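None of the figures in this text is laboratory data; all of them are computed from the coordinates on show. All of these numbers come straight from a predicted model, not from anything done at the bench. A quick note on method: Cβ atoms are made from the backbone with ideal geometry, for glycine too, and the neighbour counts reach across all protein chains shown.
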Amino acid sequence: MRLRALRGALCALLTAGTAVGISAGGASASADPLFANQWNLARIGAERAWAATSGGGVRIGVIDTGVDLGHEDLAGKVVAHTACLGTGGDQAKCTGTAQDEHGHGTHVSGIAAAHRDNQRGIAGVAPHAQLVVVKVLDASGTGDEADVVAGIKWAVDNGARVVNMSLGDPNFVFTSFFGSALQEGIDYAWSRGAIPVLAAGNTQLLGLGSSNYGELNAVVVGATGPDDATADYSSPLGNAKWGILAPGGAGDSTVENNIVSTWWDATEPNTYVALAGTSMAAPHVSGALALLLSQGYGAEAAVARMLATADHNVACDTDPPCGRLDVAAATGR
């Protein structure tokens, strides 16, 4: 079965730390020029959380289109990378580079763990975390579920303690009823102490949740906009055992209402764009879990702490209802 990266609307290109349509001025607690535009970090209390932890010593796996290995805001972040395209689910066949040729994986990586205070671009939720990146989607943003399973296993085998999957399944109705073919990889990660994080999807159809998440040991993430309400595009979380909301952007045509992060562009190095989607919400949660793991929580305790401290003034559709990520509360700030 084919998978597609859940890419939101491209709102603007921001090159080499300078903005097109985005202000880099104003008061800011970071030296990064686009930090003032990261309303998403303010909404979850990232600044206060950084007083307690910045994610040092934790590796976040990004299972996606790869990453721009030369991007200024991710320099030195990627401690292991490979491609698992065409592996048929066998992680031993993963080989080569995870160099992005699409952009989606680079955007996800920056949200989770871009450098802070390097006077470049943005800050990530866990700015001292490291990245293990696996390319499982091609230049068009599509790939096979078996390759994703191989990628999950490879990332965990290479030290990832959180595994971010901002992926979508085009056969939405089928998986809503019959579950996810990614369960093998998710079970592999969870059984080895790594926390799988899944984007819920950007499809509203007959009120169905994305996949049959109730059987998955994974955190399923829906999206909120700058108004702190669930985004119209965000798929219901269905029967997810661990559901949470996080900033994903409005999904409109404006830059300021969406999520600014790193991007790969073949002709423009060190690019930044603003996108929206549950793809953007998921790495906020992956970064938050990295912060908790770096404080000494184990996998189960980190998930429980994050869910218990979520802001339930912003409620999602699970039973019992879940809330929006509050990383300041989770880290005790």
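The order of the peptides 317-326, 52-61 by mean Cβ neighbours within 10 Å, most packed first, is 52-61, 317-326.
When we measure straight from the Cα of K153, which aspartates and glutamates land under 12 angstrom away, once same-chain ones fewer than 8 places off are left out? In chain and number order, the partners are D90, E184, D187.
The order of the peptides 238-248, 93-103 by mean Cβ neighbours within 10 Å, most packed first, is 238-248, 93-103.
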